[in-house]
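In what follows, a structure is listed as structure tokens, so that the remarks can point back to it.
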Amino acid sequence: MEQHGRHEQNPQPHEHRRRQSTRTHTASTIWFAVRTLLLIGVLSGAMIAGIFMYFVKTTLTPTLNVNADDYTMNLSSVIMYQDKSTGAWNNLQTIYGDENRIWVDYDQIPDAMWQAAVSIEDERFFKHHGVDWKRTAGAAANLFLHTSSTYGGSTITQQLLKNMTGDNDGTVNRKVREIFRALEFEKKYSKQEILELYLNTIYLGQTCYGVETAAQYYFGKDVSELSVAECASIIAITNNPSLYGPMSTVTLKDSDTGAKKTAREMNKTRQKNILDKMLEQGYIDQDTYQKAIDEELKFTDGSVSAQELVAADNADKSNGAATGINSYFVDQVILDVSNDLAKQLGISAKEARIKLYNGGYTIYSTEDPHIQEIAESIYEDRSNLNVTSSSGQQLQSGITIVDPSTGNVVAMVGKVGVKDRNLGWNYATGSRQCGSAIKPITVYSPALDAGVITMASTFDDYPVRLLNDRPWPKNSPQGYKGWTTLASGVANSVNTVAVQVIEKLGISNSFTFATEKMNLDLVADDINTASLGLGGLTNGVSTEEMAAAFATFPNGGVYNSPRLYSKVEDADGNTVLDNQTDTHVAVKETTAYFMNQLLQGVTSSGTASRYKLSGMASAGKTGTTSENYDRYFVGYTPYYCAAVWCGYDNNERISYSGNPAAAMWNKVMQKIAKEQENKSFSKPTSGLVSVQVCADSGLLATDACAADLRGSRVRTVEVAVGTAPTESCNLHKLFDYCTEGKCLATEFCPASTVKKVGLLDYTRTDYGPNIVADDNAYLVKSFRTVLADGTIQLPPCSVHKDGSALPPDTGGGEGEPVTPGEGGETGPTPNQPPTDPNDGYGGSGNSGNSGNSGGDTTTPTTPTTPTEPTTPSDNGTGNWWNTVWDTGT
């Protein structure tokens, strides 16, 4: 037992060793884990560091280099224009920045100005190398701890870079980029150079940029003349111009006392804080400090704006040539070049614009100064569009004029009235709704070019279908004419015709043509009948886009992308931007010719007939959106194409007798046309053939077409070779007609009063008594009575009343209609009367192929050649825009 007890109290050696081994193993495991975690940490840190360095190398490094020379206003950029008569390039304008800044050199800036800035903004400015790591760490901590709402870590160098580049978004990526930029920047530039740049770029309220502009605006003197007190007052503004600007109308209420302080009083308070800092840091002594505190600040009345000060300074520098306000054309050149330069250099558009202003670039523009002057003279005179809405808005407009042969924009005006600012809103380049003006681009030219329709095509101007239980589409003005030629449908902007054509073409084919051939900036939501067929686009289009698209027609079917400049050279004469025109064949030459014929019909006898030019061939298309919010016109001559939009800043109904956009177009283009030789649009030398067709069916004319009760419906049109109709008219039938009773002849009508007339044997869908086509009176059914049992009965003759029974079929009499070739029909009739220039085909030299459609029974046969696209039509049923976009002009 004792041995047993001793055994219990004294473990065997092997048990002790086992416990010791367990402790050792545990410690080893822990150490292994610690080493593993340390290794993971080191590797993770290395990976993160590697990723960060890769980020710096690939993302940051290309954007770190900021060249101060691009921002110092040392080299002005110029815009050139080409003299049409000599071909020489002349100076159009020297361009200046869009910010109101008068540059001043460092030696003209009082020491007190930079001392005030350093004291309040960056007291360790002369000790760091671009980044104040202490302030940066404090700002980072504040980001999480929120110890101060106004704590900032940016040095003067960092603020300068933000001002110069416009790179000021609130992301970590931007902050890291700013830090590395500052470090790089201070390697290349001295503290003095950085202060000069900073004091010339800071914003100081009331649209003043830089201390010289602020000195003149607030104190009416040059910055070199400012006192210490005035310097401190100006630097006080930069922290918050709305709060501390002496001219600001902001007031601040003290939460404790309830007293209100004006911005001028708050400026004085902050001025004292700055003077305290300057004294504390040894920049001024006590005597200077006290004099500055006691000095009464005498501000100007602010009647001369910063913009006027800068304009006067620019005029002095250029011997009075500068006005300070650019034309809309120059504004758009600046924007286009800046955007293209930004893409090429991988920088922001704002940074590129600053480079452009100061980099000594030469820009070769496409402007024609004379045409620009004509457009501006019309648009600056408000009496040319003196229309005011019910709420007091003045009607606005924008115009772009393009040379069809080159795509060069020769003139552009973006608003009505005298231009009073740079880079303001431009209605010529802004996207607006164009209504039916879209139809030649999305409907008629692609359909003609694809052979879906020809100039002989006709369509039943009648509702295509019910939409939301209502006949659709509607026309403007209301009403339906019945069978209509393509030319008449285009000239009068008939919506039913446009819908039938685009659905024969195929919605996707229309979209592809408009975006790829005509370069319209449309979106996927526009792929529907209402948008492409009637003009209810998602985002709208610009006058620049539309002018370039329509310019394809007078240019023989060749599209040229619009441009406002051809190339840009740097200060050393190197080409930095080569703005080549995108030139391609959009439609066949014959298609362009037909479109010119169709659109001449618009100005000669259609919706723009009152705006036809005198002494010059002209063509175009009107457009109106729902509720009359937008009015549009795109028109052209053999020389120039111009697109015009009219509307209000905020949508309101336009009340105007006619089309204000077409009126503005006429005023501008008539002045231009007076100086040019009158000439017609070109005609292809081959590829055309004339054919006699029926104006109702669009098929080959017959005796019945010539004998139409309204007069002969036979017309001669031109079509492209190989597209002429091959079938005879299947709408007209010959019937016996009593000339005295003006009805189908009965058995009691004397033979001397009966003659053969052609009537339309066609049945339409009945949409109720309020939907009636104008040509219903010439349908066979209008001369007959259908009894309840379906029996057809002729009404009695109003003159010869001795009987009314339906006579037996006599092969073309008053019974059932005869078929082509029977009852006196002999096929196509030769030697018909010459074409009437006003026959609805838009004048002489028209063409066509059958393309009739519409109705639900007795539909004329579609010719077998050319074949139609197999793309299914998008009927757009149930979409809201089908009822909204229903205007036609």
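The values are calculated or read from the model by the stated rules, or taken from the named source; none is laboratory data. None of these values were measured; they are calculated from a predicted model. Glycine also receives a Cβ, built like all others from the backbone with ideal geometry; neighbour counts cover every protein chain displayed. Heavy atoms of the whole protein, side chains included, go into the accessibility calculation; ligands, DNA and RNA do not. Shrake-Rupley method; radii C 1.70, N 1.55, O 1.52, S 1.80 Å.
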Any chance you could get the radius of gyration and Dmax over the Cα atoms of region 356-438, in Å?
15.2, 49
Applying the Karplus parametrisation 6.51 cos²θ - 1.76 cosθ + 1.60 with θ = phi - 60° to the phi angles of region 716-733, what ³J(HN,Hα) value in whole Hz is obtained for each residue in order, glycine and proline being reported as x?
9, 10, 9, 9, 5, 3, x, 10, 5, x, 10, 9, 8, 3, 10, 9, 7, 10
Please state, as a whole number in µm²/s, the translational diffusion coefficient that the Stokes-Einstein equation yields for region 700-799 at 4 °C and 1.567 mPa s, with Rh defined as the Kirkwood radius across alpha carbon pairs.
84 µm²/s
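Using a Förster distance of 51 angstrom, determine the FRET efficiency expected from the C-beta separation of residue 739 and residue 686, and round it to 0.05. Intermediate values should be presented prior to the final figure.
On the way: r = 47 Å, r/R0 = 0.92.
Result of the calculation: an efficiency of 0.65.
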Given H placed on each backbone N at 1.01 Å, which residues far from residue 708 in sequence or on other chains put an amide H within less than 5 Å of it?
713, 758
Counting only heavy atoms of the protein chains, get the accessible area per residue of region 445-553 (1.4 Å probe) and round it to a whole Å² value.
25 Å²
Residue 343 paired with residue 567, simple spin-label distance in nm, labels 7 Å along Cα-to-beta-carbon
1.9 nm
Candidate lysines for bridging to residue 674, where Cα separation is under 21 Å - those fewer than 8 sequence places away on the same chain excluded:
84, 612
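Could you tell me which of the pairs 733/781; 162/415; 134/175; 187/277 are separated by over 21 angstrom between their Cα atoms in the structure shown?
On the way: 733/781 12 Å; 162/415 33 Å; 134/175 15 Å; 187/277 28 Å.
Result: 162/415; 187/277 exceed 21 Å.
Quick check: residue separation of residue 785 and residue 394 times 0.36 nm, minus the Cα distance between them. What number comes out in nm?
Contour length minus Cα-Cα distance gives 135.0 nm.
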First compute the accessible area of region 413-503 with a 1.4 Å probe, then give the percent of it belonging to carbon and sulfur atoms.
47 percent
Whole-Hz Karplus ³J(HN,Hα) for region 632-640, in order, using 6.51 cos²θ - 1.76 cosθ + 1.60 and θ = phi - 60°, x for Gly and Pro?
9, 8, 10, x, 8, 10, x, 9, 9
Coarse-grained scattering of region 491-551 at q = 0.16, 0.23, 0.27 Å⁻¹, given as base-10 log I(q)/I(0) from a Debye sum over alpha-carbon atoms
-0.50, -1.01, -1.25
Set Lys and Arg Cβ to +1 and Asp and Glu Cβ to -1, take the dipole of region 642-739 about its Cα centre, and tell me which of 692, 651, 673 lies farthest positive.
673
Positive end of the charge dipole of region 400-530 (Lys, Arg +1 and Asp, Glu -1 on Cβ, about the Cα centre): tell me which of 484, 458, 430 has its Cα farthest that way.
430
Tell me, what % of the accessible area of region 558-695 is carbon and sulfur with a 1.4 angstrom probe?
39 percent
Please give the FRET efficiency for residue 133 paired with residue 91, using the beta carbon to beta carbon distance and R0 = 56 Å, rounded to the nearest 0.05.
0.70
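At 37 °C and 0.692 mPa s, grab the translational diffusion coefficient of region 418-461 from Stokes-Einstein with a Kirkwood Rh over Cα pairs, rounded to a whole number in µm² per second. Before the final figure, lay out each step's value.
Numbers: Rh = 13.9 Å.
It diffuses with D of about 236 µm²/s by this estimate.
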So, by mean Cβ neighbours within 10 angstrom, what's the order for 685-693, 476-484 with the highest one leading?
476-484, 685-693
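Efficiency by 1/(1 + (r/R0)^6): what FRET value for residue 192 and residue 37, r their Cβ-Cβ distance, R0 = 56 Å, to the nearest 0.05? Kindly include the intermediate steps, with their values, before the conclusion.
Numbers: r = 51 Å, r/R0 = 0.91.
The computed FRET efficiency comes out at 0.65.
With all distinct Cα pairs included, what does the Kirkwood hydrodynamic radius of region 179-287 come out to in Å, to one decimal, could you say?
On the way: mean 1/r = 0.0649 Å⁻¹.
When all Cα pairs of region 179-287 are included, the Kirkwood radius is 15.4 Å.
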Taking amide H positions as placed in the peptide plane 1.01 Å from N, state which residues far from residue 93 in sequence (5 or more) or on other chains have amide H under 5 Å from it.
79
